Every structure is written in structure tokens, then in C-alpha cells.
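Colleague: Can you read through this structure? Questions will come right after.
The values are calculated or read from the model by the stated rules, or taken from the named source; none is laboratory data. Computed from a predicted model, the values in this text were never measured in an experiment. Positions of Cβ are backbone-derived with ideal geometry, glycine not excepted, and every protein chain shown enters the neighbour counts. Only protein heavy atoms, including side chains, enter the accessible area calculation; ligands, DNA and RNA are left aside. Shrake-Rupley method; radii C 1.70, N 1.55, O 1.52, S 1.80 Å.
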Amino acid sequence: MIRSVLFFLVAGKISVQSLRGRCHSGIRQKFKLLETRGFSGNTGFGPSAEQGTNLRDDDALVPLDHFIDKYRGVVINVDSLPTEGSEFIRRLEYSLKIWRNDNRRGVWLKLPIHLAHHIEPAVKIGFRFHHALDSYIMLTQWLPSTPCTLPPYASHQVGVGTIIRRRASREILLVQERSGPMSNTGVWKIPTGLVDSGEDLQDAAVRETREETGILTEFRGIFAFRQAHKMSFGVSDLFFLCLLDAVSDEICRDDKEILACEW
């Protein structure tokens, strides 16, 4: 039987001053639990001020905005990324934790130039470079413990060469380069160039011919193609030889690229 119990509330904790008489073991255990957890000195109950400052930071975080691709990977929404560095890395780490628990696979993080300051902290927590263009860099992280199966960036560049025929005279158009690999060699060659991103082969052939020689043409077909490796920046190259018919005769060459142009 408990005859008297005296409590003092000091710094938000309950200390047992004395217990007189016999006390059931269950009651003693409850007092011990109260001492361990602590209570507010203002109300007598509830979290102490000290405990409030030790709440998990994760409780106030939300994952970065994203969508799940067809391969159970994560594509982070670049438009919703925080600009402030500490907020970015805290939310990114929290998001990675959630995505690992959800058995997600690859994570794609696109950082435009104005968020380039996020690159170093992202790399420090496991992200790697995938590719970079003039306005952004793409980072990736593979979450499973299995070997990474994320596809590499584009491995080929595509070029065109044009055989431009003037059917009435059975002539073809040749050029000498002012700049390029064949410049200052005296070699006559067909017009050539690279296909722009999103451009079709036939459009590239007609465009390159017009830009270098001023001749307007109609695309007739692909005459041949070849593949080569270890070209510019170490990538492979696909080159398509195209057949075009001239629909104009007047040559107006690009003086910056072309030294001479003749039928």
C-alpha cells in the first residue's frame, strides 16, 4: 500500500522523492517509465522542449516531385527542384530512402545551368554523370544492388553526303572545302554534313546542299551507307550517301565553308 508519494517537477522531468510503504512492482515500472520519457513542466504531460527539438527531420520533408517510368525508374521533375542547396540535398536524400523502400530502379536527375550548384552535392551521395548538352546535365543513380542496366547516352552521330545530279547535262556537283578535314588539299568532293537533332535524313541532305552550294534539290533516295567508330568525341558514325536531283542551276556557295563549287 502506498502511503505517500512526493514529486518534484525539475526541468520538465519527474523525479520520485520517496515511496513509503510497499508498492506493487507494476506501479514501480510505470514510475520508472515516466522518469525515462519526461513530461512538460507546464502541463504535467506531453513532450518536453528537449524532445521537441529532437524530432526526426524526415517528419517535415516530402519527396521531390517525380513520375515513375515504364521500367520502375524515377524521373525527377526538374521544374519543381528547390534552388536552395541544403533543402535540395535533404529532400533528395529523403526521396532516395523512400524510392529504395519502394524497390525503384534507376533515378534520373536533370539539372539545368541555373541549378548547376546542385551537381557536386548530388555526386557526393552517389549520382553519376550520364550526359550533358548546352543547357543541362543529366545525372543518374542505380538503386538496386544488381548491376546497372540504365541505357547509355546516344552512341552514334549521323552524317549525310549528297550526289547532286544535273540530269540534262549528266553532271554532278563537287566542292572544295575551305574548312574541314579536306581543306587545303585540293581535293574535289561531294557536299557533306551532320544531321541535326530531330531532322530527317532527306531534309538534312537537301539543307546541307542548299547551305553549301545554293543549289535547290529534290531528294531521290539513299544510295549507300556505312558505319565507322571512334569518330568525334569517341562516338560511332553512321554516314548516308544520298541521291538528289538539282532543280536550280545557279551556284551560290558559302564562302566561309566552301572554297570552290563546280558542275
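Colleague: How compact is the stretch 114-163 by the rule of thumb for globular proteins, expressed as Cα Rg over 2.2 N^0.38 Å?
Modeller: Cα-based Rg divided by the globular estimate yields 1.60.
Colleague: Taking the Cα-to-Cβ direction at Glu257 and at Asp65 and moving 7 Å from each Cα, how far apart do the two end points lie in nm?
Modeller: The modelled label-to-label distance comes out at 4.0 nm.
Colleague: Next up: Within 12 Å, Cβ to Cβ, of Tyr71, how many net charges do the neighbouring residues add up to if Lys/Arg are +1 and Asp/Glu are -1?
Modeller: Local net charge: +3.
Colleague: ³J(HN,Hα) across the stretch 90-97 via Karplus (A = 6.51, B = -1.76, C = 1.60, θ = phi - 60°), whole Hz, x for Gly/Pro?
Modeller: Computed from phi, the couplings for the stretch 90-97 are 5, 6, 5, 4, 5, 5, 4, 4 Hz.
Colleague: Between Ile98 and Asp196, 0.36 nm times their residue separation minus their Cα-Cα distance comes to what?
Modeller: 31.3 nm is the gain from fully extending Ile98 to Asp196.
Colleague: Please get the size of the charge dipole for the stretch 54-143, origin at its Cα centre, with Cβ charges of +1 on Lys and Arg and -1 on Asp and Glu, quoted in debye to the nearest 20.
Modeller: Computed about the Cα centre, the dipole is about 460 debye.
Colleague: Once the convex hull of the C-alpha atoms of the stretch 120-245 is built, how many Å³ does it hold per residue, rounded to a whole number?
Modeller: For the stretch 120-245, the hull spanned by Cα atoms encloses 158 Å³ per residue.
Colleague: OK, next. In square angstrom, rounded to the nearest 10, how much accessible surface does Asp200 have for a 1.4 Å probe?
Modeller: Approximately 80 Å² for this residue.
Colleague: What length, rounded to one decimal in nm, is gained on full extension from Leu216 through to Lys124, with 0.36 nm per residue of separation minus their alpha-carbon distance?
Modeller: 27.8 nm
Colleague: Need the C-alpha centroid separation for the stretch 89-122 versus the stretch 160-227, integer Å.
Modeller: 45 Å
Colleague: Would you mind checking the pairs Lys97/Lys124; Lys70/Lys124; Lys70/Lys97 and listing those with alpha carbons more than 25 angstrom apart?
Modeller: Lys70/Lys124
Colleague: So if R0 is 30 Å, what FRET efficiency would Thr149 and Asp79 give, r being the distance between their Cβ atoms, rounded to the nearest 0.05?
Modeller: The pair Thr149/Asp79 has a calculated efficiency of 0.65.
Colleague: Taking R0 as 30 Å, what FRET efficiency do you get between Gln157 and Asp245 from their Cβ-Cβ distance, rounded to the nearest 0.05?
Modeller: So the FRET efficiency works out to roughly 0.65.
Colleague: Next question, about the same structure. Could you compute the net charge surrounding Thr140? Neighbours are other residues with a C-beta less than 13 Å from the C-beta of Thr140; K and R count +1, D and E count -1.
Modeller: +3
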